[in-house]
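A.B. asks: Before we start, here is the structure in question, set down as structure tokens.
The values are calculated or read from the model by the stated rules, or taken from the named source; none is laboratory data. Because the structure is predicted, anything quoted here is derived from the model rather than measured. When we count neighbours, we look across all protein chains shown, and the Cβ atoms used for this are built from the backbone with ideal geometry, even at glycine. Surface areas here come from the heavy atoms of the whole protein model, side chains and all, with no ligands, DNA or RNA. Shrake-Rupley method; radii C 1.70, N 1.55, O 1.52, S 1.80 Å.
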Amino acid sequence: MRCSGWSSRASSVSSVALAALVLAAPAGAHLSIDPPKVQQGQLVDLVFSVPNQDDPFSVDHVTLGIPQDFQLDDAEAKTGWSQSRTGQAVTWSGGNVPKGTFARFAIRGTAPPRAEIVLFNVLVGDRNGKSITYRVPLEVTAHGPQDAGARSLAKAALIVAIAAAGIALAAGFVALYLWLRPPPP
């Protein structure tokens with residue numbers, strides 16, 4: 001979330017600090033995202049596990065607020081739940097997550113184009129009108145270096161193995177020839 005008066009660096013530092021606070025908060029530890037880390041610009045499927053630890057009225061609606069930097073493509077259709085989408089938010093409603101259980105809600109999209117920590121707002125509500133909002137961090141990492149060195153090493157090892165097999169085969173033919181050839185007069 002950015003404010004027009006802030007610099008990019010200040011907002012990035014603020015986002016990282018806020019994410020660290022969210023990670024330390026015990027309430028946020030109960031709602032999880034899988035995977036917790038993705039590469040920048042990568043097409044990803046994210047799964048949010050939403051628990052109902054102690055709400056006797058059962059969870060009947062979940063809204064995912066998607067960060068602006070995350071390009072939302074699609075959201076999972078869940079049997080028994082209605083789904084609506086407004087901009088960068090997806091709401092599932094009318095279902096049931098009974099006390100002591102959890103449900104998974106999935107989205108598909110493209111990770112932000114730069115390395116950062118983005119926060120998803122996840123609102124979880126019950127039939128009695130009570131709701132809680134979790135701020136769930138997703139770490140977006142820079143593309144790792146291409147492992148061309150390992151690939152080149154594997155190709156070199158294959159070439160050496162093929163050459164060694166060829167030499168061993170040639171040595172076998174020479175030995176066979178020497179063994180089968182008639183003795184000298």
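A.B. asks: Could you put I159, I107 in order of accessible surface area, largest first, with the 1.4 Å probe and the full protein assembly present? Don't skip to the end; give the middle numbers.
C.D. replies: On the way: I159 115, I107 5 Å².
So, going from the largest accessible area down, we get I159, I107.
A.B. asks: Sticking with the crude label model, points 7 Å out along Cα→Cβ, report the distance from A106 to V160 in nm, one decimal please.
C.D. replies: The two pseudo-label positions are separated by 4.3 nm.
A.B. asks: Mind checking the per residue accessible area of region 32-161 for me, 1.4 Å probe, whole number of Å²?
C.D. replies: Numbers: 7190 Å² over 130 residues.
On a per-residue basis, 55 Å².
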